[in-house]
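This report concerns only the one structure given below.
Just so it is clear, none of the values below were taken in a lab; they were calculated from the coordinates. Note that the structure is predicted; figures quoted are calculated from it, not measured. Counting neighbours? That spans all protein chains shown, and the Cβs are built from the backbone with ideal geometry, glycine included.
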Amino acid sequence: MIRHKGYVIAAVTVAALVSGGWFLQRESEPAGSVYQQARLFDDVLAHVADYYVDSLDEKQLYQMAIDGMLDQLGDPYSVFLKPEDFRQLSEATTGNYSGLGIQIDVRDGWITVVAPLPDTPAERAGIQTGDRIVQLDGRSTEGWKQDQAVKELRGPAGSAAELTIRRLGIDDSIKFKLTRATIHIRSVQIAMMLNDHVGYISLNPVSESSAREVSQAMDTLLKQGMKSLIFDLRQNPGGLLDQGVAVSDLFLDPGKAIVETRGRAPGSSHEFTDAKPQQWPRLPIVTIVNGGSASAAEIIAGALQDHDRAVLIGTPTFGKGLVQSFWRLTPETGLKLTTARWYTPSGRTIQRVTHTEAEQEAQVIAAQRGQDTKPDSTAVFHTDAGRTVYGGGGIRPDLYVVADTFTTAERSFIRALGDKTPLYRDALATYALELKEGNRLSNPTFTVTEAMVDEIVRRIRSKGAALPDSIIAGARPLISQELGYEAARYVFGRPAEFRRRMSDDQQVKRALALADRAKSPQDLLTLANTQPSPSTVRNR
């Protein structure tokens, strides 16, 4: 009995010491201190790890905690990058990946080459547009999805890959043995002359080589007689801040503000200014933007507009004006965290003012459809020349031009196709390759005949698509247009396809009409001021 009592006293004493020590510590810390919260977190994590009904690895719990903490910030741009996310960010910002250098698409259940990239293992080996990759390293590729094919074709630089190709017009399959290499995806997607004196440059995305590539493209086009430039930033999701600044620097005078960042942490507030004299001060520039132009692309557009260096055409940009800083935490993971906001030289915030990401996307979609012709905000700012520009987020173009949209009849056709849409795309590609094999198209400006459209209709109907004549009648212009694009690509190459698309592009046509007449940047501004009020007219 005495011994038992001694055990009780000892147990109570130990409990008192343990709990007393905790309470003493608790009293020595301010209520709600970081130390307390850390202890609380460890206690919760330990209980979940030990007692939760399903077994969970502690590493998994920590990962869930990290994701949950960042999610509670309510900021979709602040994220912990896992290895796959980290790899994708690296590819986007550097433009580099390891692989064969092939643009692919799935057609008729097979991986089909859209185009080999210039100066890559695929191009050097002789891979051609329209080739069907039927085997990779002896494994059939039939039924592969796009994501799977991309993953399988890529691999470490120096690794080997054997492709088995079926090529239209050749009975036997062809085997290619290639060695993967580091592939650089150019951020200047297209640089070409649209006519005798108007050049065109498409920039997407803003990666670590953007300024150099834009400068090289400019030099090439000037040698070809360029007197005016159309600078296309549509669907450019942005990228590196320093390259957004560097591209802007190419077209502005020294000392001109490009963008300002304002943040809470030391060093996060900074004003970036032009450092180098521009090389082409007399060159008129028309810049095209839309709801897909975001982040660093908006920095470029805002700087050129605020300094009256370019006339902007299109629809309002996305309005992504939050600066992310990146910390590499392990060799394969990192933290991307919002640390500041961007402001244009006139003081406008680039961040679109909305309560949720869904609301922001809804505003952008409305603008793309021509349902947003009024200023985003009553906040008024002025360019160097005194032109009025509006705040509220995003960059509003000087000339509001909505892109082409589907007609009612064409939308009815798309709805009628339903789950047969992939068969329609397959029919376009297969027929385009047959036109190539039969040498039936003599030049890139070929006319799509009624008989060609009839053949596409016959093929998709034979695959089970229930398409009444009344639906087909309204869809014939769309089928003709899309077959024209597909055939131009497979027969004459991507530049020919692009030219054909540009001839139907309402925003490019408006930009070309301005650039064609402008003799100087000031002349361009004058011409823009005489244009009709914001248009929501469709091309068809």
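Given Val198, Gly302, Ile365, which one lies farthest toward the positive end of the charge dipole of the chain, if we put +1 on the Cβ of every Lys and Arg and -1 on the Cβ of every Asp and Glu?
The listed residue farthest towards the positive side: Val198.
Over the chain, what is the relative contact order in percent, taking alpha-carbon pairs closer than 8 angstrom and at least six residues apart?
Relative contact order of the chain: 12 percent.
With +1 on each Lys and Arg Cβ and -1 on each Asp and Glu Cβ, how big is the dipole of the stretch 199-322 about its Cα centre, in debye rounded to the nearest 20?
160
Could you list Asp242, Asp172 so that the one with the fewest beta carbons within 10 Å of its beta carbon is first and the one with the most is last?
Starting with the residue having the fewest Cβ neighbours, the order is Asp172, Asp242.
For the charge dipole of the chain, defined by +1 on Lys and Arg C-beta atoms and -1 on Asp and Glu C-beta atoms about the Cα centroid, which residue among Tyr51, Leu514, Met64 has the Cα displaced farthest towards the positive pole?
With unit charges placed on the Cβ atoms, the residue in question is Leu514.
Which value, in debye to the nearest 20, gives the size of the charge dipole of the stretch 96-184 about its Cα centre, when Lys and Arg are +1 and Asp and Glu are -1 at the Cβ?
Approximately 140 debye in magnitude.
Output the relative contact order of the stretch 96-184, whole-number percent, from Cα pairs under 8 angstrom with separation of 6+ residues. Kindly include the intermediate steps, with their values, before the conclusion.
On the way: 194 pairs, mean separation 30.3, N = 89.
For the stretch 96-184, the relative contact order is 34 percent.
To the nearest Å, what is the center-to-center distance of the stretch 385-456 and the stretch 243-300, using C-alpha atoms only?
Computed from Cα coordinates, the inter-centre distance equals 33 Å.
Can you give the calculated 222 nm mean residue ellipticity of the chain, where each DSSP H run of n ≥ 4 adds -39,500 (n - 2.57) and the sum is split over every residue, rounded to the nearest 500 deg cm²/dmol?
Result for the chain: -13000 deg cm²/dmol, rounded to the nearest 500.
Evaluate the relative contact order of the stretch 408-502 (contact order divided by residue number), counting alpha-carbon pairs under 8 angstrom at least 6 apart; express in whole percent.
Values: 86 pairs, mean separation 39.4, N = 95.
With pairs under 8 Å counted, the relative contact order is 41 percent.
So, counting K/R as plus one and D/E as minus one, what does the shell of residues with Cβ under 11 Å around Asp242 add up to?
Value of the local net charge: -2.
Once semi-axes √(5λ) of the Cα gyration tensor in Å is worked out from the coordinates, which option in (1) 39, 25, 22; (2) 38, 33, 24; (3) 50, 36, 24 does it equal?
Computed from the coordinates, semi-axes √(5λ) of the Cα gyration tensor in Å corresponds to (3).
Taking 21 Å as the cut-off for C-alpha to C-alpha distance, list the pairs among Lys59/Lys82; Lys276/Lys519; Lys151/Lys177; Lys145/Lys420; Lys175/Lys420; Lys256/Lys276 that go past it.
In this structure, Lys276/Lys519; Lys175/Lys420 lie more than 21 Å apart at Cα.
Most exposed first by the Cβ proxy, i.e. fewest other Cβ within 10 Å, how do Phe492, Phe251 rank?
Phe492, Phe251
For the chain, give me the percentage of DSSP beta bridges that are antiparallel, rounded to the nearest 5 percent. Could the numbers behind the result be given before it?
Working: 52 of 69 bridges.
If we restrict to bridges inside the chain, about 75 percent are antiparallel.
Treating the angle as unsigned and between 0 and 90°, give the value, to the nearest 10°, between the Cα long axis of helix 357-368 and the longest Cα principal axis of the chain.
Approximately 10 degrees, to the nearest 10.
How far apart, in nm, are two points set 7 Å out from the Cα along the Cα-to-Cβ line at Ala49 and at Asp108?
5.7
About its Cα centre, what dipole magnitude does the stretch 209-269 give when the only charges are +1 on Lys and Arg Cβ and -1 on Asp and Glu Cβ, stated in debye to the nearest 20?
120
Taking the 0 to 90 degree range and rounding to the nearest ten, how far is the long axis of helix 469-487 tilted relative to the main principal axis of the chain, both from C-alpha atoms?
Tilt of helix 469-487: around 90 degrees.
Among the aspartates and glutamates, which fall within straight-line cross-link reach of Lys223, defined as a Cα-Cα distance under 15 Å, with same-chain neighbours fewer than 8 residues apart omitted?
Leaving aside aspartates and glutamates fewer than 8 places away in the same chain, those within reach of Lys223 are Asp196.
How do Ser33, Ser480, Ser346 line up, fewest other C-beta atoms within 10 Å first?
Ser33, Ser480, Ser346
Quick check: pseudo-label points 7 Å beyond the Cα along Cα→Cβ at Ala451 and Met69, how many nm apart are they?
7.0
Helix 296-306 versus the longest principal axis of the chain: what angle, 0 to 90°, nearest 10, using Cα atoms?
On a 0 to 90 degree scale, this one is about 70.
Looking at Thr407, Gly74, Gly291, which one has the Cα that reaches farthest to the positive end of the dipole of the chain (charges on Cβ: Lys, Arg +1; Asp, Glu -1)?
Thr407
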